[in-house]
Structures are given as C-alpha cells and as structure tokens.
Amino acid sequence: AVVPKSTMQMETPEDTEVLILGGGAAGLMCAYRLGELGIPAIVIEKNREVGRKILISGGGRCNFTNREVGFENFRSHNPHYARSALARYTSGDFIDLVNQRGIDWYEKTLGQLFCRRSAREIVELLRDGVLANGSEIRTGVEVLELAQHDAGGFLVKTSQGPLRARRVVVATGGLSIPKIGASKIGYDIARAQGLKVKETRPALVALEAG
C-alpha cells in the first residue's frame, strides 16, 4: 500500500531486498518489472505523490513513448548502453502495456504518442502495477544519505528513519525541474560510492525572443 508520511517513524533499520530511491517514471517502472520477476521492492519518494514529472509532461497528456525509438536517438558517453536497454524493452512493449490497461492515446508528428485524456493514467498504470506485484510505495520520504553497510547491502538514512537493503536502485532523476523536487542527491550518492560523474549540462532550454 501507499504509506503516508505520518506512519513511517522507525527506530531501527528496516530490512528489504531492493530499495528504490525515487518514485518517478524510472523508479516506478523498475519496481513494476521487479514485481513481475517476483522480487518485491520498496519505493521511496520525497514528494507527496509519485510521478510528478509524468503528470506535467506533454502538456498534461504525457508523451509516454515514440513509435520509432533507436539507440542512435540518444546521446551518451556510453552509446552501447542505449542499444542494450532498448533491445531488452522496446517502445512496442510499453504500447502493449498501455493498450492492456485500456488507455486511449493518439499519435502526433514523428510518431509521438500521447494520452488522449490525462497523464495521470500513466501514473496510475505504473503505481497500480507496482502495488499489485507486492511492492510498496512510501511518499513524503527524503533520502539523506546512502552508506555501505556491509558485504550484504547498504544502509539508507531517510527523513523517516533508516532502511537497510541488499540492493539499492538510484532513480532520483536529474536537475531539470527543481519546483517539483528535482535535486542533486543522485549525483551526490554516485560520487560518494566512488563513481565518476560527468559534468551536467541543460538538455532542454526555453527559447526567448531577443
């Protein structure tokens, strides 16, 4: 179930197999797929609701995928990552999921697919799938620190108490929209774990008349 902030006070670490930091599109989809494999997870999200960026995308109708999505459409320091990721789960796979849910959609220029009614339908599809497969979503929970606990996992300190997980997925998003909770926590965690972080640059910017 979705656990409200007020019920999450803990004194000692709670153990879980997989802890997913971030309840956006990536975190929810990760939990959804893990549940299908029989691996329940806990998703924690610092906002009061999950999927806030989904809700505002596409003018509130969510451009949930494109007809033609190839690795050549992505820019990355590791171009092979997009190739392998897209081969394992295609845009057609997600379209099938949307159709099974009965979400009405339409196609725009260049094969962009949008919900005909509301982006909230995509959030509900992912959220309901996560919960139906035995995982848990906790909102209003902010990640404070991730530390190596021992050979068996990690200790994650949060605003509502510590959690201990064998595996942690960092799906905290980027820096694009601070007003809906975007922060640099994911980059901080990566650096603390000894990972190299490339300098970030804006990917989408507004155009203003001079």
**Study point:** Output for the stretch 103-161, where each listed residue is at positive phi and touching an Asp or Glu at 6+ places or on another chain (Cβ under 6 Å)
**Key:** 111
Review point. Any idea which residue in the stretch 56-73 is most open to solvent (accessible area, probe 1.4 Å), counting only those that are among the hydrophobic types (A, V, I, L, M, F, W, C) and at pLDDT 95 or above?
Key: 64
Check your understanding: Among the residues of the stretch 135-142, is any surrounded by 15 or more Cβ atoms within 10 Å (Cβ to Cβ), in contact with a Phe, Trp or Tyr (Cβ under 9 Å, 6 or more places away or on another chain) and hydroxyl-bearing (Ser, Thr, Tyr)?
Key -> yes
Check your understanding: What number of residues in the stretch 88-118 are in contact with a Ser or Thr (Cβ under 7 Å, 6 or more places away or on another chain), within 19 Å of residue 30 (Cα to Cα) and either of a type in the set (A, V, I, L, M, F, W, C) or surrounded by fewer than 11 Cβ atoms within 10 Å (Cβ to Cβ) (or both)?
Key -> 2
Review point. Is there any pair linking a residue in the stretch 114-135 that is among the polar types (S, T, N, Q) to one that is surrounded by fewer than 22 Cβ atoms within 10 Å (Cβ to Cβ) and part of a loop (DSSP other than H, G, I, E, B), with Cβ under 6 Å and at least six apart or on different chains, and which?
Key: 135/40
Check your understanding: For residue 151, are the conditions met, namely being more than 29 Å from residue 56 (Cβ to Cβ) and open to solvent by less than 60 Å² (accessible area, probe 1.4 Å)?
Key -> no
Review point. Could you list, in sequence order, the residues of the stretch 163-181 that are open to solvent by less than 30 Å² (accessible area, probe 1.4 Å) and in contact with a Ser or Thr (Cβ under 8 Å, 6 or more places away or on another chain)?
Key: 163, 165, 174
Point to revise | Which numbered condition residue 205 misses (of (1) aliphatic (A, V, I, L, M); (2) assigned to a strand (DSSP E or B); (3) out of contact with any strand residue (DSSP E or B) (no Cβ under 9 Å at 6 or more places or on another chain)) | key: (2)
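The values are calculated or read from the model by the stated rules, or taken from the named source; none is laboratory data. From a predicted model like this one, the values you see are computed outputs, not experimental measurements. Virtual Cβ from ideal backbone geometry, glycine too; neighbours counted across all protein chains shown. Just the protein is used for accessible areas: all its heavy atoms, side chains included, with ligands, DNA and RNA removed. Shrake-Rupley method; radii C 1.70, N 1.55, O 1.52, S 1.80 Å.
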